[in-house]
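Report on the structure given below.
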């Protein structure tokens, strides 16, 4: 646990670790900020701000008020807030209706809810492995192709015929 102080007095708990069956989980509270590299074997939940790099064997969750400027590597990532940086996910990357990502993503599965925003390039791990093994030019970087998502309007759609 980390307690921060300021000229106005104590802010309160910034980081709390939860021990869940010997797997450490971390929480960064709103109005708190970390600058640096973060490595964890458990889940990480961010409601504050973080800048640097993040590497976790667990899930990485950005709350609605969370702002992250970092390259991220995690098992699963759930975005309710904002991320600026590249993301590598072993399994699922989910951008909720309030989530925003600015950066490239590598994920096995990608889910974007209506209203969620993603600006960058996306490819899955299988594509990365195939492109890397096919690449004979000596360049280890696979070719990235952007995926374009069409979004339905926010208004309700009706299947009824409209009379002229």
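For the reader, a short list of remarks on this structure follows.
- Flag for residue 42 being in a loop (DSSP other than H, G, I, E, B) and farther than 22 Å from residue 116 by Cβ: yes
Residues are listed down the side, and each one gets a yes or a no for (1) buried (at least 23 other Cβ atoms within 10 Å of the Cβ); (2) within 15 Å of residue 117 (Cα to Cα):
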| site | (1), (2) |
| --- | --- |
| 58 | no, no |
| 64 | no, yes |
| 72 | yes, no |
| 76 | no, no |
| 81 | no, yes |
| 87 | yes, yes |
| 93 | yes, yes |
| 96 | no, yes |
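- Complete set of residues in segment 111-121 that are surrounded by 18 or more Cβ atoms within 10 Å (Cβ to Cβ) and over 16 Å from residue 84 (Cβ atoms): 112
- Filter pass, residue 132 being modelled with pLDDT of 95 or more, surrounded by fewer than 20 Cβ atoms within 10 Å (Cβ to Cβ) and outside any strand (DSSP E or B): no
- Of residues in segment 92-103 being assigned to a loop (DSSP other than H, G, I, E, B) and in contact with a strand residue (DSSP E or B) (Cβ under 7 Å, 6 or more places away or on another chain), the one farthest from residue 76 (Cα to Cα): 103
- Sole residue being outside any loop (DSSP other than H, G, I, E, B), in contact with a strand residue (DSSP E or B) (Cβ under 8 Å, 6 or more places away or on another chain) and either over 30 Å from residue 42 (Cβ atoms) or modelled with pLDDT under 95 (or both), chosen from 70, 107: 107
The values are calculated or read from the model by the stated rules, or taken from the named source; none is laboratory data. Predicted, not measured: the structure shown is a model, and the values here were computed from it. Neighbour counts are summed over all protein chains in view; Cβ atoms, including those assigned to glycine, are modelled from backbone coordinates with ideal geometry.
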